[in-house]
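These notes are about the structure you will find just below.
Rule-based calculations on the coordinates, nothing more; no lab input. Worth saying up front: this structure is predicted, and the values here are computed from it rather than measured. Backbone-built Cβ (ideal geometry, glycine too); neighbour counts: all protein chains shown.
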Amino acid sequence: MRGWCLWRTAWRDFVLGRIADIASGAAWRGAVPADLDWDAHVDITLVANPALPEARRRVIERDYRMRDGALVIGVRRALVFYHEALFRPGEPPERHPVVIASIGEGRSC
């Protein structure tokens with residue numbers, strides 16, 4: 001869940017299952033700024049893992065309906081971290097068939 005963190009005075013991602021206690025304190029009186037990372041979108045270009053044999057890459061490209069060997073997806077800038085973790089190249093390459101080739105500049109919605 002994404003929300004405004006009073007302690008860090010920043011937008012953060014929270015795992016609800018890890019919240020053990022809620023401390024009561026002074027009410028927040030300030031204005032919460034816009035979440036610019038949530039409002040901006042970024043294009044991520046995915047490709048078949050170059051460490052795979054060419055025949056396997058072609059299968060991946062077909063499975064993911066890639067055009068010219070790439071698939072461009074739009075994601076919120078706040079979620080790029082999670083996509084980087086999901087599509088990080090690793091060993092063996094068969095466990096990471098799709099990897100990030102590039103991350104574009106943010107664009108507003």
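Each of Trp28, Trp4 has some number of other Cβ atoms within 10 Å of its Cβ, and from fewest to most they run Trp28, Trp4.
In plain terms, the chain from Met1 to Ala40 could stretch by 12.3 nm, reckoned as 0.36 nm per residue minus the Cα-Cα distance. The fewest-to-most ranking of Arg29, Arg76, Arg67 by surrounding Cβ atoms within 10 Å reads Arg29, Arg67, Arg76. Placing +1 on each Lys and Arg Cβ and -1 on each Asp and Glu Cβ, with no other charges, gives the chain a dipole about its Cα centre of roughly 140 debye.
By how many nm would the segment from Leu16 to Val72 grow when fully extended, if each residue of separation counts as 0.36 nm and the alpha-carbon distance is taken off? If you can, show how the numbers build up before the last one.
Values: separation 56, 0.36 × 56 = 20.16 nm, distance 3.08 nm.
Fully extending the segment from Leu16 to Val72 adds 17.1 nm.
Taken one residue at a time, the phi angles of the stretch 27-33 give Karplus couplings (6.51, -1.76, 1.60, θ = phi - 60°) of 5, 6, 10, x, 7, 8, x Hz. Gly and Pro are set to x. The percentage of C-alpha pairs in the chain whose separation is greater than 26 Å is 39%. Taking amide H as placed 1.01 Å from N in the peptide plane, the amide H of Ala101 sits under 5 Å from that of Thr45, Leu46, Val47, each at least 5 places away or on another chain.
Taking a point 7 Å from the Cα of Glu54 along the Cα-to-Cβ direction, the residues of the stretch 66-83 with backbone N closer than 15 Å to it are 69.
Shape call for the stretch 62-109 from the C-alpha gyration tensor, a ≥ b ≥ c root eigenvalues: rounded (a/c under 1.5), prolate (a/b greater than b/c) or oblate?
On the way: a/c = 2.65, a/b = 1.38, b/c = 1.92.
The shape class here is oblate.
Could you work out the relative contact order of the chain, using alpha carbon pairs under 8 angstrom and six or more residues apart, expressed as a whole percent? The partial results should precede the final answer.
On the way: 141 pairs, mean separation 34.2, N = 109.
Relative contact order here is 31 percent.
By how many nm would the segment from Trp28 to Ala85 lengthen if fully extended, with 0.36 nm per residue of separation less the alpha-carbon distance? Write down the numbers at each step before the final one.
Numbers: separation 57, 0.36 × 57 = 20.52 nm, distance 3.36 nm.
Result: 17.2 nm gained on full extension.
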